[in-house]
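In what follows, a structure is listed as structure tokens, so that the remarks can point back to it.
The values are calculated or read from the model by the stated rules, or taken from the named source; none is laboratory data. Bear in mind that the values here come from a model prediction, so they are computed numbers and not experimental data. With ideal geometry, Cβ positions are generated from the backbone for all residues, glycine too; neighbour counts draw on all protein chains shown.
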Amino acid sequence: MSDRIILKLGGSVITDKGADCRVNHAALSGIAADIAVVPATGIVVVHGAGSCGHPEARKYRLDQGVAAGQTEGIAVTHRAVSALNAEVVAALRSAGVQALGVHPLHAGVADKGRLVAFESRHLEKMLALGMVPVIHGDVVMDLSRGACIVSGDQLVRYLAVALKCNRVGLATDVPGVLDGGRVVPEITPQTMYTLQIGNSSYTDVTGGMKGKIDELLGLAAAGTGSDIFEVSRLGDFLAGKDHGGTKVRGG
Ligand code: IPE
């Protein structure tokens, strides 16, 4: 079977998380060059929000849901992440990748903060045409709460299953999951409780590294392992080589 890869680009990789929505163009062009040479038949890119979405989501308290008359935050947050998505798509396209932005606000529905539906037939069609869908953490309408934030990591978990991806990679700004400064080579549900995992000091409404691992352990329980590595090792991950990071497995 040929590889179908889902690749998450952390928001801290593609933006400067300490600034007010500053896109890291140098990082994006390096990533685009790595993706442009992948021989894989299918690759889906999912990216986080970093400083283009997290501060807005927090300001409008989207984690607490949205009531009628308080919907401004939906538009403001979606605009911020969509603008970042356009930058990611543009970087990929200038490297020759047939990238196309897809917004979860339009394709997905959530309930109590979790995706309950996400149209994927159009994604299958894009992949069949050799295109690279570029999806992102977004605000999504929520059946119970009005609206919620769906992280890129939650999208990875959902779409890896829906699109039957056999390889899942998460490019971050650290060499892997760190415990006491050292990379943890493998995480399983059994070893998870023995770890001391730190969190980012920047605004992160979706749970930082802990939230990421929870999603990936859920994915591993459904039969798909994943790999967390530093973005500088993206080429190694895409080539199926050792990347020096963390493997999340079902145990
Ligand atoms: C967050 O997505 C989306 C919004 C805040 C709208 P992520 O949670 O995947 O973003 P990063 O990777 O942590 O920045």
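Is it the case that some residue within the stretch 193-202 is among the polar types (S, T, N, Q), without any contact (Cβ under 8 Å) to a residue 12 or more places away in the chain, more than 16 Å from the ligand (Cβ to nearest atom) and more than 24 Å from Ala107 (Cα to Cα)?
Scanning the stretch 193-202 turns up at least one residue that is among the polar types (S, T, N, Q), without any contact (Cβ under 8 Å) to a residue 12 or more places away in the chain, more than 16 Å from the ligand (Cβ to nearest atom) and more than 24 Å from Ala107 (Cα to Cα).
Tell me, which residue of the stretch 108-127 that is surrounded by 17 or more Cβ atoms within 10 Å (Cβ to Cβ) and among the small types (Gly, Ala, Ser) is nearest to Leu159 (Cα to Cα)? Give the steps one after another, and end with the answer.
Kept after step one, since they are surrounded by 17 or more Cβ atoms within 10 Å (Cβ to Cβ), are these residues of the stretch 108-127: 108, 110, 113, 115, 118, 120, 123, 126-127.
After this cut, where a residue has to be among the small types (Gly, Ala, Ser) as well, the list is 108, 110, 113, 120.
Working: Gly108: 11, Ala110: 14, Gly113: 16, Ser120: 8 Å.
So the residue we want is Ser120.
Restricting to the stretch 30-54, give me the number of residues that are farther than 27 Å from Ser2 by Cβ and in a helix (DSSP H, G or I).
Of the residues in the stretch 30-54, 1 are farther than 27 Å from Ser2 by Cβ and in a helix (DSSP H, G or I).
Please verify whether Ala110 is assigned to a strand (DSSP E or B) and free of Cβ contacts under 8 Å to residues at least 24 places away in the same chain, treating the condition exactly as stated. Steps first, answer last, please.
Values: assigned to a strand (DSSP E or B): yes; free of Cβ contacts under 8 Å to residues at least 24 places away in the same chain: no.
Taking the combined requirement at face value, the residue does not satisfy it.
I'd like the residue in the stretch 1-43 that is away from the ligand (no atom under 16 Å from the Cβ) and of a type in the set (Asp, Glu) and, out of all such residues, is modelled with the highest pLDDT.
Quick first cut of the stretch 1-43, residues away from the ligand (no atom under 16 Å from the Cβ) only: 1-5, 25-26, 29-30, 32-43.
Adding the requirement that they be of a type in the set (Asp, Glu) leaves 3, 34.
Details: Asp3: 88, Asp34: 97.
Taking the candidates together, the pick is Asp34.
Could you say which residue among Val76, Val102 is within 12 Å of the ligand (Cβ to nearest atom), free of Cβ contacts under 8 Å to residues at least 40 places away in the same chain and hydrophobic (A, V, I, L, M, F, W, C)? Quick ask: steps written out before the conclusion?
Values: Val102 fails: within 12 Å of the ligand (Cβ to nearest atom).
The conditions single out Val76.
Any residue in the stretch 44-55 that's within 16 Å of Val76 (Cα to Cα): show its pairings with residues that are more than 8 Å from the ligand (Cβ to nearest atom) and of a type in the set (Gly, Ala, Ser) at Cβ separation under 6 Å, as long as the two are six or more apart or on different chains.
Qualifying pairs under 6 Å: Ser51/Ala19.
Kindly establish whether Ala57 is closer than 13 Å to Gly137 by Cα and in a helix (DSSP H, G or I). Explain how you work it out, then say what you get.
Values: closer than 13 Å to Gly137 by Cα: yes; in a helix (DSSP H, G or I): yes.
Against the criterion (closer than 13 Å to Gly137 by Cα and in a helix (DSSP H, G or I)), Ala57 qualifies.
Take Ser82 and tell me if it is within 11 Å of the ligand (Cβ to nearest atom) and part of a loop (DSSP other than H, G, I, E, B). Spell out how you get there, then give the answer.
Details: within 11 Å of the ligand (Cβ to nearest atom): yes; part of a loop (DSSP other than H, G, I, E, B): no.
No; evaluated as a whole, the condition is false for this residue.
Sort out which residues of the stretch 182-221 are in a loop (DSSP other than H, G, I, E, B), over 19 Å from Val231 (Cβ atoms) and modelled with pLDDT of 85 or more, and write them in order of number.
Within the stretch 182-221, Thr188 is the sole residue that qualifies.
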